[in-house]
1. Only one of the values (i) 7.4; (ii) 6.1; (iii) 8.3 was calculated from this structure for mean projected area of the Cα convex hull in nm²; name its label.
2. At 7 Å along Cα-to-Cβ for each site, give me the label-to-label distance between Met62 and Met18 in nm.
3. Once fully extended, how much extra length lies between Ala95 and Glu27, figured as 0.36 nm per residue of separation less the alpha-carbon to alpha-carbon distance?
4. Let me have the relative contact order for the chain, percent, based on Cα pairs under 8 Å that are six or more residues apart.
5. Taking H as built 1.01 Å from N, whose amide H comes closer than 5 Å to the amide H of Phe24, not counting residues under 5 places away?
6. Give me the percent of accessible area attributable to carbon and sulfur for the chain, probe 1.4 angstrom.
7. May I ask for the net charge around Asp36, where only other residues with Cβ less than 15 Å from the Cβ of Asp36 are counted and Lys, Arg are +1 while Asp, Glu are -1?
8. Sequence-distant or interchain residues sharing an amide H contact under 5 Å with Leu56, placed H: which?
Amino acid sequence: NWPISQAIFLPLKSQLGMNFPNPFNPETIIPFILSDNAGFVDINVYNSAGQLVRELLSQVKMNAGRYKQIWDGRDQSGRRVSSGVYIVELRTQEAILIRRIALLK
């Protein structure tokens with residue numbers, strides 16, 4: 001038998017945590033938790049008009065657990081984006097989760 005302090009608890013559903021720092025400059029950490037049903041994972045950043053700014057993860061097979069993804073405040077071409085509110089989307093086989101984040105220069 002495993003002592004309770006060493007037990008592994010798997011989340012029942014995936015979660016997208018609050019990035020930190022928020023607001024951020026020049027980069028931020030996006031924490032997320034995946035359930036056993038998550039499957040393939042996408043993390044995208046969109047501007048306030050809904051246009052794709054950056055793909056952070058694209059169809060990556062991930063196991064259940066806690067993760068962190070860094071966004072360096074750059075677009076898909078490597079250019080720094082302007083100050084503003086952006087949308088982070090975590091997409092798994094079980095859910096689509098979104099959160100607003102702010103970049104201040």
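1. Working out mean projected area of the Cα convex hull in nm² from the coordinates points to (i).
2. A separation of 2.0 nm, rounded to one decimal place.
3. Result: 21.9 nm gained on full extension.
4. The value is 30 percent.
5. When sequence neighbours closer than 5 places are left aside, the close amide H contacts are Ala102, Leu103, Leu104.
6. 52 percent
7. Result for the neighbourhood of Asp36: +2.
8. Sorted by chain and number, the residues that satisfy this are Ile43, Asn44, Val45.
The values are calculated or read from the model by the stated rules, or taken from the named source; none is laboratory data. Just so you know, these numbers come straight off a predicted model, no measurement behind them. So basically every Cβ, Gly included, is an ideal-geometry build from the backbone, and we count neighbours across all protein chains shown. With ligands, DNA and RNA removed, areas are computed over all heavy atoms of the protein, side chains included. Shrake-Rupley method; radii C 1.70, N 1.55, O 1.52, S 1.80 Å.
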